[in-house]
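Asks: After the structure tokens below, expect a handful of questions from me.
Read the figures in this text as sums done on the coordinates, not as results from a lab. For clarity, every value in this text was computed on a predicted model and none was experimentally measured. Positions of Cβ are generated from backbone atoms using ideal geometry, with glycine treated the same way; all protein chains shown enter the neighbour counts.
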Amino acid sequence: MSTASLRVLLLDGESEQAIGIGRCLAQAPEVELHVLSRDPHPPLRYSRRRASFQTHDVPINDLTVDMVRGAVRRSGAQILFPVLEPAIRFCVAHRAELEICVRLPPLPCVSALDRIGDKWALATFLQANQIPHPPTLLLANPHRPDALNGIRFPALVKPIHGSGGQNIKRFEGAPALSEWLRNGAGAPAEAIVQSIVQGRDLGCSVLCQNGRILAYTIQETRIYSARPFAPPAGIRFLEDERILSVIRRLAHILNWSGVANFDFREDAGTGEIFLLDFNPRYWSSLLGSLAAGVNFPLLACLAAADAPIPQPRCAPTEFVCAHFHPAYLASRRTPGATLQNTIWRYTLADPLPRVAAHLHRGWRRLRSRPPIAR
């Protein structure tokens, strides 16, 4: 397949990470970006690099192959690009039917996805393969006195399905957790409890094919988000052979294909690293990886086209992921940061998506207000 012109259709253009995918692919003049979305007004619709836009009105799980084929035909797309896990699972489930008319980037198999498909499945998998991770229990019967045996406090309660640090709650001791669970106020139906490892937050993002790493970046958190447990606001890219060794082993065991993002914690006392989470999808700090020299979406498209994959080298870059940090503040809090290695570099190059997102958010809030009594 020729790579002189690549027509790419984003399957889940309404997803939060879709705008990051669009900004990465915009760096390649040969890529023509098309968008399919359930939301009629996602930010990416207003990008100057978007070639076409189509909508549908069903959840990803209810999409049919015929609907997607129709979108592919109308856009003339050569590559179908899923962003988040529901879209990835759709492509995996219908791979044979889809590949009749369109190419797909590297994707994991169903069995690999299921082995790490939720936080409890991941903990069980890590335990079975002797990969260091914090003590973790499934909250199946929280009212038994021994239900929390093996957990060191402080600890976190996490829904087994979730992302972005949402609905995570911290507890300093077992009595407070037991009382909260007995009251049932806000307790998730399915959750794990996991001991907190005090130390440095690290992460790794990869693109793999058949158990082999094609590209990776490793980062540490430098600026924490204002919202607890949310993705970091500022990061620094580095090399860490300990993390890379763990990822190589995981990729081999799972014969992993596709992207993945891993959260690690380095124990402040022992220096040991623990794997906290494994997300089989694109991630919120994707533009940081781009600034460091690794364009994951473009590499995935090249893999879909059976084109040679360059071996990108991640530069030791500082990057500010959040818009609310002005450049001067970022440069003070993150040594070496300038406007060029903040998210504003990509926003200012194509500002309408962010403007549209703010306008639509304000409009939704206005519509949700109760009417004024007269």
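Asks: May I ask which residue of Leu6, Pro316, Ala357 lies farthest towards the positive end of the charge dipole of the chain, with charges of +1 (Lys, Arg) and -1 (Asp, Glu) on Cβ and the Cα centre as origin?
Replies: Ala357
Asks: Nearest 20 debye, what's the magnitude of the dipole of the stretch 1-55 about its Cα centre given +1 on Lys and Arg Cβ and -1 on Asp and Glu Cβ?
Replies: Computed about the Cα centre, the dipole is about 180 debye.
Asks: Can you pull out the trypsin sites (Lys or Arg not before Pro) in the stretch 8-62 whose DSSP state is coil and whose Cβ has at most 12 other Cβ atoms within 10 Å?
Replies: The qualifying sites are Arg48.
Asks: Work from the charge dipole of the chain (Cβ charges, +1 for Lys and Arg, -1 for Asp and Glu, about the Cα centre) and give the residue of Ala96, Thr55, Thr221 farthest towards its positive end.
Replies: After comparing all options, I get Thr55.
Asks: Got a sec? Charge dipole of the chain, +1 on Cβ for Lys and Arg, -1 for Asp and Glu; which of Phe296, Gln198, Ala71 is way out at the positive end?
Replies: About the Cα centre, the residue reaching furthest to the positive side is Ala71.
Asks: Here's another thing I want to ask about it. When the chain is fully extended, how far beyond the present Cα-Cα distance does Ala349 get from Ile253, taking 0.36 nm per residue of separation?
Replies: 30.5 nm
Asks: Working from the pairwise distances between different alpha carbons, so that the mean of 1/r is found and then inverted, what is the stretch 6-104's Kirkwood radius in Å? Show your work: numbers first, answer last.
Replies: Values: mean 1/r = 0.0761 Å⁻¹.
Taking every pair of different Cα atoms in the stretch 6-104, averaging 1/r and inverting gives 13.1 Å.
Asks: What do you get for trypsin sites (Lys or Arg not before Pro) in the stretch 188-273 restricted to DSSP loop and a cutoff of at most 13 other Cβ within 10 Å of the site's Cβ?
Replies: In loop regions of the stretch 188-273 (DSSP not H, G, I, E or B), there are no sparsely surrounded trypsin sites (Lys or Arg not before Pro).
Asks: Using a simple charge model, +1 on the beta-carbon of Lys and Arg, -1 on the beta-carbon of Asp and Glu, nothing else, what dipole does the chain show about its Cα centre, in debye to the nearest 20?
Replies: 1160 debye
Asks: What order do you get for Thr317, Thr124 when you list them from fewest to most C-beta neighbours inside 10 Å?
Replies: Neighbour counts put them in this order, fewest first: Thr124, Thr317.
Asks: I'd like the antiparallel share, as a percent to the nearest 5, of DSSP beta bridges with both residues in the chain.
Replies: Here the share of antiparallel DSSP bridges comes out near 75 percent.
Asks: To the nearest 20 debye, what is the magnitude of the charge dipole of the stretch 177-279 about its Cα centre, counting +1 on the Cβ of each Lys and Arg and -1 on the Cβ of each Asp and Glu?
Replies: Here the size comes out at about 200 debye.
Asks: Still on this structure, I have one more. Can you put Tyr46, Tyr224, Tyr282, Tyr216 in order of Cβ neighbours within 10 angstrom, beginning with the fewest?
Replies: Exposure proxy ranking, most exposed first: Tyr224, Tyr46, Tyr216, Tyr282.
Asks: Can you sort Trp363, Trp120, Trp256, Trp180 by how many other beta carbons sit within 10 Å, fewest first?
Replies: Sorted ascending by nearby Cβ count, the order is Trp363, Trp180, Trp120, Trp256.
Asks: Evaluate the chain: find the radius of gyration of its Cα atoms, find its Kirkwood radius, and give the ratio Rg to Rh.
Replies: On the way: Rg = 21.3 Å, Rh = 22.0 Å.
Radius of gyration over Kirkwood radius for the chain works out to 0.97.
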